[in-house]
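The values are calculated or read from the model by the stated rules, or taken from the named source; none is laboratory data. Here the structure is a predicted model, which is why all the values come from computation and not from measurement. As a convention, Cβ positions derive from the backbone with ideal geometry for all residues, glycine included, and neighbour counts pool all protein chains shown.
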Amino acid sequence: MSESTPAAGPEAASVTATPASRFAIGAEQFELDGEPVRILSGALHYFRVHPDLWRDRIRKAREMGLNTIETYVAWNAHAPHEDEFDLSGGLDLGRFLDDVAAEGMHAIVRPGPYICAEWDNGGLPSWLFTSGTVGVRRDEPQYLAAVQRYLEQLAPVLVPRQIDNGGPIILVQIENEYGAYGSDPVYLEKLVAMNRGIGLTVPFTTVDQPTDEMLANGSLPSLHKTGSFGSRSAERLATLREHQPTGPLMCSEFWDGWFDFWGAHHHTTSTAQSAADLDELLALGASVNIYMFHGGTNFGFTNGANDKGVYQPIVTSYDYDAPLDEAGFPTSKYWAFREVLAKYNPSIPDARPSAAPSAPAFRVPLTASLPLDAATNLLGEWVTSDELPTMDALGLFRGFALYRTEIDTTVSSASASALPPVLELGEVRDRAIVRLNGVTLGVLARDHHDRRIALPAGARGTLDILVEDQGRVDYGPRIGEPKGLIGPACLNGEPLHRWTVLPLALDDLSAVTDALAATTASVAASVAGALAGPLAGPAFGYASFDVDPGADLYLDTRDWGKGAVWVNGFNLGRYWSRGPQHTLIVPAPVLRPTGNTLVVLELHAAAPTASFVASPDLGHTDF
Ligand code: GLA
């Protein structure tokens with residue numbers, strides 16, 4: 001099709017949302033108040049973007065030519081514990097949907113309950129699994145009771161914001177690529193009934209990869225089936241059409257990039273090819289949700305992981321090589337997609353977002369440090385347990401736990417041999433730093449299938465094992481598995497008992513920050529100084545800095561080992577010298593003009609400087 005040829009299929013909906021409209025799935029097209037419309041949607045996860053930036057990102061989607069924003073709802077983000085449901089700040093889904101409406105756009109909501117999305121546990125709360133008896137993603141009463149509560153908690157947010165109530169929501173998705181996981185139509189029917197039961201009236205869809213088996217297992221005759229794919233649209237739509245004989249065809253996840261694992265390369269896709277693929281899809285008359293329009297960031301400890309034989313945790317950035325980059329600026333893909341979308345959307349605005357500026361580049365010294373061993377009294381309560389507990393058993397669902405026990409191999413049967421004793425664990429989830437009397441002996445890494453480590457001959461004293469949950473698997477049967485050390489723990493075959501465990505309370509780092517700031521103040525009064533040398537982990541380091549307001553920063557982590565960073569108490573996420581990612585984004589809204597605090601938890605060793613650079617470094621690609 002040439003640039004000037006009229007597009008196949010219906011014209012895009014006007015970008016002005018009309019109060020109390022009716023959105024329906026017609027015999028051939030989506031219909032808004034009886035008129036055919038094409039959905040031109042882009043995925044944008046509110047939980048991966050600072051709330052003060054939502055409006056900016058949504059506006060830029062409109063300016064690219066989209067008329068709809070799609071978001072998942074991350075159940076576990078809202079419900080970190082069974083008795084909590086948080087809709088505040090960055091989890092204020094109502095505000096996000098109101099921002100969508102204020103930009104004159106429609107919304108598609110995918111409340112899961114399972115979302116995949118490279119998100120910790122695929123969005124399922126870890127507390128669901130602690131009894132060990134719940135059966136997720138199928139017709140199982142405990143699971144469905146929890147889902148019912150979750151949907152009831154979402155109802156006040158979603159129901160009044162449906163299009164027939166004057167809000168932006170036009171579609172709701174049931175489950176997520178269910179055909180890739182299970183085949184339980186009774187479960188799907190119950191989910192539909194629950195979603196209707198809370199007052200959702202808009203049409204419901206499902207999404208599946210376009211294979212006969214997945215499309216057949218992932219949906220119900222009453223649900224509108226859509227596909228997930230990023231190329232070969234004609235073939236994929238033909239398969240979809242066999243399973244969805246009437247109504248509009250839609251690619252609900254048009255993959256325009258991909259996510260990255262630690263230790264692998266940064267994924268990018270060809271702009272020209274992606275734009276051509278989008279054009280092919282739209283020329284065939286289909287509706288689309290571009291996955292992702294803007295990926296954002298796995299702030300804190302929210303990243304998921306894959307495990308298809310080897311555990312692969314996902315990096316902090318969710319840039320996704322999307323049209324709008326992680327910092328919210330247009331890429332070449334943005335402009336190429338805009339050109340394609342302009343052919344199909346007569347109401348595309350003239351306004352265009354500006355290009356990314358250079359971020360301020362500067363370095364500040366770390367001025368204080370606090371060994372983890374000296375900070376334990378600031379990080380929560382120790383728990384004692386005769387048997388080795390998982391993190392989950394202690395109510396810790398993200399982050400780190402410090403396991404401690406006393407050993408004396410000079411009196412155990414291990415001493416019968418002059419050989420060094422060996423510590424053996426059932427499994428490590430996911431990475432354990434083993435220390436004896438404050439001296440690091442080594443690391444046991446799940447992705448290496450490590451389970452054993454030799455201790456020095458005659459080892460005796462305090463054995464510390466600092467364990468990191470590197471992100472829960474988000475796809476496949478390992479969803480919901482407990483984290484931490486999985487027993488038994490044995491020393492030369494003899495079980496180790498009497499553990500004390502400190503689940504590290506890192507959600508609120510103010511006590512650690514205050515302690516570091518106080519050290520800085522007292523040192524500064526005498527020597528005015530930076531740390532005398534590198535930061536030896538596990539330890540916290542501290543810096544403070546001033547910055548002109550308004551700009552994001554990129555923290556360069558190349559000279560640091562592995563850990564996590566907080567700026568003004570906001571957890572930027574994990575860093576790792578392993579890459580591919582070597583910068584962490586600091587969103588402008590978390591910064592203030594003076595007295596910003598930076599706290600780093602370094603597990604291994606770090607240069608004593610915080611270095612900010614002009615642009616992101618998401619690492620090497622495979623080209
Ligand atoms: C599938 C899932 C999404 C996401 C993508 C890959 O399509 O539905 O949640 O995991 O794969 O990014």
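Of the residues making up region 250-267, those that are farther than 22 Å from Leu66 by Cα, more than 13 Å from the ligand (Cβ to nearest atom) and buried (at least 19 other Cβ atoms within 10 Å of the Cβ) are Trp262, His266.
Looking at Asp622, is it closer than 25 Å to Gly263 by Cβ, in contact with a His (Cβ under 7 Å, 6 or more places away or on another chain) and in contact (Cβ under 8 Å) with a residue 40 or more places away in the chain? Answer is yes for this residue. Close Cβ contacts (under 6 Å, 6 or more residues apart or on different chains) running from residues in region 302-320 that are under 18 Å from Ala77 (Cβ atoms) and in contact (Cβ under 8 Å) with a residue 40 or more places away in the chain to residues that are in a loop (DSSP other than H, G, I, E, B) and within 12 Å of the ligand (Cβ to nearest atom) comprise Gly304/Glu118; Gly304/Asp474; Ile314/Glu118; Ile314/Phe259; Ile314/Gly304; Tyr318/Gly295. Within region 141-158, the set of residues being more than 22 Å from the chain's Cα centre (by Cα) and either surrounded by fewer than 16 Cβ atoms within 10 Å (Cβ to Cβ) or polar (S, T, N, Q) (or both) comprises Pro141, Gln142, Ala145, Gln148, Arg149, Glu152, Ala155, Pro156. State which residue is nearest to Ala457 (Cα to Cα) when the search covers only region 379-392 and only residues that are surrounded by 17 or more Cβ atoms within 10 Å (Cβ to Cβ) and aliphatic (A, V, I, L, M). So the residue we want is Leu388.
Here is a yes/no grid of residues against (1) surrounded by fewer than 23 Cβ atoms within 10 Å (Cβ to Cβ); (2) among the aromatic types (Phe, Trp, Tyr):
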{"residue": "Ser287", "(1), (2)": "no, no"}
{"residue": "Ala305", "(1), (2)": "no, no"}
{"residue": "Lys308", "(1), (2)": "yes, no"}
{"residue": "Pro313", "(1), (2)": "no, no"}
{"residue": "Ser317", "(1), (2)": "no, no"}
{"residue": "Tyr320", "(1), (2)": "no, yes"}
{"residue": "Thr331", "(1), (2)": "yes, no"}
{"residue": "Ala342", "(1), (2)": "yes, no"}
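If you check Thr376, Thr390 for being outside any loop (DSSP other than H, G, I, E, B) and either modelled with pLDDT under 95 or closer than 30 Å to Ala79 by Cα (or both), only one passes: Thr376. Scan region 332-348 and tell me whether some residue there is more than 27 Å from Val37 (Cβ to Cβ) and either charged (D, E, K, R) or touching a Ser or Thr at 6+ places or on another chain (Cβ under 8 Å) (or both). Looking through region 332-348, at least one residue is more than 27 Å from Val37 (Cβ to Cβ) and either charged (D, E, K, R) or touching a Ser or Thr at 6+ places or on another chain (Cβ under 8 Å) (or both).
Considering region 175-200, the residues that are within 16 Å of the ligand (Cβ to nearest atom) and of a type outside the set (A, V, I, L, M) include one that is nearest to the chain's Cα centre (by Cα), namely Asn176.
Annotation note: Cβ proximity below 7 Å between a residue of region 64-83 that is at negative phi and surrounded by 23 or more Cβ atoms within 10 Å (Cβ to Cβ) and a residue that is assigned to a strand (DSSP E or B) and modelled with pLDDT under 95 (sequence gap 6+ or interchain) occurs for Asn67/Ala12.
When both residues are 6+ apart or on different chains and their Cβ atoms are under 7 Å apart, which pairs have a first residue that lies in region 453-481 and is part of a loop (DSSP other than H, G, I, E, B), and a second that is within 16 Å of the ligand (Cβ to nearest atom) and of a type in the set (S, T, N, Q)? Between residues of region 453-481 that are part of a loop (DSSP other than H, G, I, E, B) and residues that are within 16 Å of the ligand (Cβ to nearest atom) and of a type in the set (S, T, N, Q), the close pairs are Gly471/Asn303; Arg472/Asn121; Asp474/Asn121; Tyr475/Asn306; Ile479/Asn121; Gly480/Asn121.
Conditions (1) at pLDDT below 95; (2) surrounded by fewer than 19 Cβ atoms within 10 Å (Cβ to Cβ); (3) in contact with a Phe, Trp or Tyr (Cβ under 8 Å, 6 or more places away or on another chain), marked per residue:
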{"residue": "Arg352", "(1), (2), (3)": "no, yes, no"}
{"residue": "Ala361", "(1), (2), (3)": "no, yes, yes"}
{"residue": "Pro365", "(1), (2), (3)": "no, yes, no"}
{"residue": "Tyr403", "(1), (2), (3)": "no, no, yes"}
{"residue": "Ser412", "(1), (2), (3)": "yes, yes, no"}
{"residue": "Glu424", "(1), (2), (3)": "no, yes, no"}
{"residue": "Arg431", "(1), (2), (3)": "no, no, no"}
{"residue": "Arg435", "(1), (2), (3)": "no, no, no"}
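For region 512-531, check the following and say yes or no: at least one residue is part of a loop (DSSP other than H, G, I, E, B) and either within 16 Å of the ligand (Cβ to nearest atom) or touching an Asp or Glu at 6+ places or on another chain (Cβ under 9 Å) (or both). No, there is no match, as no residue in region 512-531 is part of a loop (DSSP other than H, G, I, E, B) and either within 16 Å of the ligand (Cβ to nearest atom) or touching an Asp or Glu at 6+ places or on another chain (Cβ under 9 Å) (or both).
Residue-wise test of (1) away from the ligand (no atom under 14 Å from the Cβ); (2) closer than 20 Å to Val37 by Cα; (3) of a type in the set (Val, Ile, Thr); (4) surrounded by 23 or more Cβ atoms within 10 Å (Cβ to Cβ).
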| site | (1), (2), (3), (4) |
| --- | --- |
| Pro248 | yes, yes, no, yes |
| Gln273 | yes, no, no, no |
| Leu281 | yes, yes, no, yes |
| Leu284 | yes, yes, no, no |
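Identify all residues within region 286-300 that are within 16 Å of the ligand (Cβ to nearest atom) and either among the hydrophobic types (A, V, I, L, M, F, W, C) or under 20 Å from Arg236 (Cβ atoms) (or both); write none if there are none.
The answer is Val288, Asn289, Ile290, Tyr291, Met292, Phe293.
Looking only at strands (runs of 3 or more DSSP E) that lie completely in region 564-623, which have at least 3 residues being modelled with pLDDT of 95 or more and touching a helix residue (DSSP H, G or I) at 6+ places or on another chain (Cβ under 9 Å)? Ranges flagged: 596-602. Scoring Leu223 on the criteria (1) closer than 19 Å to Lys333 by Cβ; (2) surrounded by 19 or more Cβ atoms within 10 Å (Cβ to Cβ) leaves a single failure, condition (1). Restrict the check to region 66-87 and report whether at least one residue is in contact with a Leu (Cβ under 9 Å, 6 or more places away or on another chain) and under 17 Å from Trp335 (Cα atoms). Yes, region 66-87 contains at least one residue that is in contact with a Leu (Cβ under 9 Å, 6 or more places away or on another chain) and under 17 Å from Trp335 (Cα atoms). Report whether or not Val172 is within 24 Å of the chain's Cα centre (by Cα) and not in a helix (DSSP H, G or I). In short, yes. Within region 317-347, restricting attention to residues that are among the aliphatic types (A, V, I, L, M) and in a loop (DSSP other than H, G, I, E, B), which residue is farthest from the ligand (Cβ to nearest atom)? My answer is Ala327. Evaluated against (1) closer than 29 Å to Glu481 by Cβ; (2) more than 16 Å from the ligand (Cβ to nearest atom); (3) buried (at least 19 other Cβ atoms within 10 Å of the Cβ), Ala117 falls short on exactly one condition, (2).
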